[in-house]
Each structure stands twice: as structure tokens, then as C-alpha cells.
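Inspection log for the structure reproduced underneath, given as C-alpha cells.
Values quoted throughout were computed directly from the atomic coordinates according to the rules given, and no laboratory measurement underlies them. Since we're looking at a predicted model, the values are computed, not measured. Glycine gets a Cβ as well: all are built from the backbone with ideal geometry, and neighbour counts include every protein chain shown.
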Amino acid sequence: MHPDARPPSPSWNRRDFLRAGALAAAACLAPARAAAAGKNAPAPALAPRDEILKRIAGARPLRGGPVPADLARRLGTAHVSGRYHFTDKPFLIEGAERVLSLGLGCVKFWFASIGRAYRFNSEWNLPESYTYKQLAEHPYFARALDLPFNAIALELYPAKLLDTPGAGVDFLAPGADFSEDERQTRELAQHLLAKYKDRDVTFLLQNWEGDWMFRGAARKEWARGEYPQLERRAEGFAGWFAARQRGVEQARAAAPGARCKVFHAVEVNRVFDALKNIPTITTHVLPAIRPDYISWSCYDGLKTESRSAEKTAAGLWQGLDIIQRHARTTQRDFEGKPAVYIGEIGFPEEVVPAPAVVKMMDGAMAVMFARRIPYIFHWELYCNERKDGRRFPVEKPETAADLRGFWLVRPDGSTGHTGEYFRKLLANAGGGGDKMQ
């Protein structure tokens, strides 16, 4: 989410946990020649804010806008690396069950840094090296995936880097071989399609915030306006995403009658950098590939610092437009455009005043509903970010005073402001939002 995000550790904040895997992966990754066109393309004109606000005027739930009847099947949250817990159950299972208890039909799990991501009350006993499929078959994940979710997103880091940072393919090397990613993605998709063939459930296999991975160890150079090995970097990323897409398509072709669905998504997170002529996954990689979906970790569109529902709504609308101008996907939205879902959205409730949190989320939901976004994943169930940014190991559950407030459930067990807003949305699904006050 945040610009300086790093990989999770139960002791690290979200930035630490997520960036660690990304840096290892991006020590790996590289650019798309077809994206060279995007490199020099002029910045597109954005829809005017006033026009956007007119289009969503009747969609804001807190102003009586309609709430989709199928919202529970589209709305979810992430569960990873939280800094507190409430039961003696394995942390992965506790969180998965808590998500369902909130009425949410979607969830996002991490397939990386497992010992840190799901530490409390857990004995993973995993081998030093394991595959995606082996992880999905682990008793904890088997139980979590068996729960009656409508959609489950799985964050897959490069195949050989799951728990061995630094190992695996060099994405910046000419002719990088992504056959292991293709094989493991295919193997995981085949497992899911076979095990859940009689169940209406959708699995979304995706990367974490692609733009941080794209920059990798060159983030300081990016900040200075220098883009080392850009073309090779784009080609490498395009090759990696294409390999994962092939793996999923091969698995689907071998399971034509399955009710379960498995899709591959590419997640982007620095969409608006393209307007500053900064290379991004959106401009330099998406034109060269054709995944099933695009996921947007949309913090750059939220305009959180503005504390304005209108600016949040306009930012999200414009960001979606930018993505759809560059993307090609196998799935289409209701207007026939490339299909995009929201991979992360959230506000730090211990930093942003409660009224602003709710109003900005309401503005965001108005855009999601107006554009019929298929899946919306909130960040996150239990907060993993400390206010002071300290990364020492979590020896005991932490309190609200320690944390920034990216949560649906607070450390004392109460529901956060976003959690309460979601509860009201779900209670009014299929009707108007006039009863939400």
C-alpha cells in the first residue's frame, strides 16, 4: 500500500513483510519491449472531477444510493501478518473464520513468508523448499480454503522464492526461464479445479503490488528519474506474467466442467506515476500481456491526505480509466472494457479521523458500485503496521495505541469504523442506503 512498503513478518509492519518478498522477487524481475510505446506516450487527459462526481452522485450509499444485492459475494479483506489475535486457533484459521463472521464473502491470503505471515498458535513444519500446491495442501490452508468463501485471492511470489529469498530466476537476465513459475501455477490451479470442481468458488492467483517489484533494488534510482535496464526489466516482467497466465490457462483447459473458477491477475499500484512519465507496470508491461484480470492496490488513488470523499472518488475513477487504457484482459467489465478489481483499499483509522474514514470509503464505494467492480479487497482484518515503524518481533499481541489502524477488527475485539460501515452496507444489500445513517 504505502510507497515504501516492504514484506511481512509477524514482527514487521506491512511495508516490511510485503517488500521483503518483493525485493527478493524483484532482484529477479525485468521490462516489455512492446511497452516501449507506453514509455513515450503522452499522458492521457483525465475525466474532469466535476463530471465524475455527477456520474456517481446517485451511487453514494450514505446519500441513499443503492447497495448491490450481491455485495457480500464481492466484498472481502486481507488476512496476513496481523499483530494480535483472539483465540488459540492457528492464526490463519482464526482470521479466515473471523472474515466469514463479518459477513464478507471474499478473502485474500499470502502464499509467502508463511512463518511470519501466520505466526500465532501455528506449527507449519514446512520443508525448506515447497511448491504452491504443497502449501495449498497444508492442513491449515486446506481448512481455510474449504470455508464457504465466494472468492479467494492468493498472493503468489515468484515460485522459487517462497521461503528462499535470493534464489530462483534472475528476471533481468536475457532469456530468463520462467518454466518453474508456469509449472507451479499450473499445478496449483489444477489442484484447486479438481478439489473444488463441484463448488461455486473463484480463485484469483495474483502478484503483490507489481510496481514495487518492478523497481526492486532500483527504487532510489527511480526516485532520481533514472530507470536502469528498463527495457529488459519490462520484458522480464511480461515474461513472468505470461508464464503464470499460461499455467492457469493450461489447467482450465484440462478441467472444462469444473464449477470452480481459477483466474490469473496482475496487480499494479503506482498508476498515477505514469502521468509524471515515470515507468510503471501499467504503461510498460500491461500492453504486452493478456492476463485474466488486473488488480489495483489503489492507495495512490485514494488521496487519503485530502480527507475528502470527492477527491477519493475522483482519484479512483481516474486511476481505473488509466489502467483500462493500457490493459488487455481475457475478462471484460460490464461495458466490455478490461476487467479490473480492487486488490487493496483501506485507511489508517488511528491516524485519519473517523468521520473522514467513513466518508472517503463511501466515496470509494460509490465508484465501485457505479463501475460494477467485481471484487473489492479491504486492507486488512487485523492491523500489521506500527505507528513508530519498528520491526522487532511480535512477542505479544499489540494494542491500538501501538498501531496505525488498518483493520476491520481492533485489538480489543471491537469493530473498527470501516468494519461498522461495511456491516451497514451488507445489512442494506439489495436496497437503498437511506437506512445507513
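Can you give the helix-only mean residue ellipticity at 222 nm for the chain, where every DSSP H stretch with n ≥ 4 adds -39500 (n - 2.57) and the sum goes over all residues, rounded to the nearest 500 deg cm²/dmol? The partial results should precede the final answer.
Values: 17 runs with 165 residues, N = 437.
Roughly -11000 deg cm²/dmol at 222 nm, from the helical runs in the chain.
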Neighbour-limited loop hits for GluC sites (Glu not before Pro), the stretch 163-250 (at most 15 other Cβ within 10 Å; DSSP other than H, G, I, E, B):
226
Amide proton proximity set for residue 108, modelled H, under 5 Å, gap of 5+
77, 78, 79, 153
Result: in the stretch 295-433 the number of Lys pairs with C-alpha under 29 Å apart, spaced 8 or more or on different chains, is 14
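Just the number, please: percent antiparallel of the DSSP beta bridges in the chain, rounded to the nearest 5.
Details: 4 of 37 bridges.
The answer is about 10 percent antiparallel.
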Which value, in Å to one decimal place, does the Kirkwood hydrodynamic radius take for the stretch 14-435 when every pair of different Cα atoms is included?
21.6 Å
What residues qualify as long-range amide H neighbours of residue 375, i.e. H under 5 Å apart, gap of 5 or more or another chain, H built at 1.01 Å from N?
342
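Could you work out the relative contact order of the stretch 14-435? I mean the mean sequence separation of Cα pairs under 8 Å and 6+ apart, divided by the number of residues, in percent.
On the way: 894 pairs, mean separation 102.6, N = 422.
After rounding, I find 24 percent.
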Loop-resident GluC sites (Glu not before Pro) in the stretch 305-381 with no more than 13 other Cβ atoms inside 10 Å, DSSP not H/G/I/E/B, are 335
Using a cut-off of 19 Å between alpha-carbon atoms, which aspartates and glutamates can reach residue 261, once sequence neighbours fewer than 8 places away in the same chain are excluded?
70, 137, 146, 155, 182, 187, 198, 200, 249, 292, 333
Starting from 0.36 nm per residue, how many nanometres of slack lie between residue 308 and residue 69 once their C-alpha separation is accounted for?
83.4 nm
Using a ≥ b ≥ c from the Cα gyration tensor of the stretch 228-334 (square roots of the eigenvalues), is it rounded, prolate or oblate, where a/c under 1.5 gives rounded and otherwise the larger of a/b and b/c decides, a/b for prolate?
oblate
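How much length, in nm to one decimal, is gained on full extension between residue 197 and residue 146, taken as 0.36 nm per residue of separation minus their Cα-Cα distance?
Working: separation 51, 0.36 × 51 = 18.36 nm, distance 1.23 nm.
Gain in length upon complete extension: 17.1 nm.
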Most fluctuating residue of 237, 377, 86 in a GNM of the chain with Cα springs under 10 Å: which is it?
86
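Return the ratio Rg/(2.2 N^0.38 Å) for the stretch 226-279, where Rg is computed over Cα atoms only. Numbers along the way, then the final one.
On the way: Rg = 15.9 Å, N = 54, 2.2 N^0.38 = 10.0 Å.
That works out to 1.59 for the stretch 226-279.
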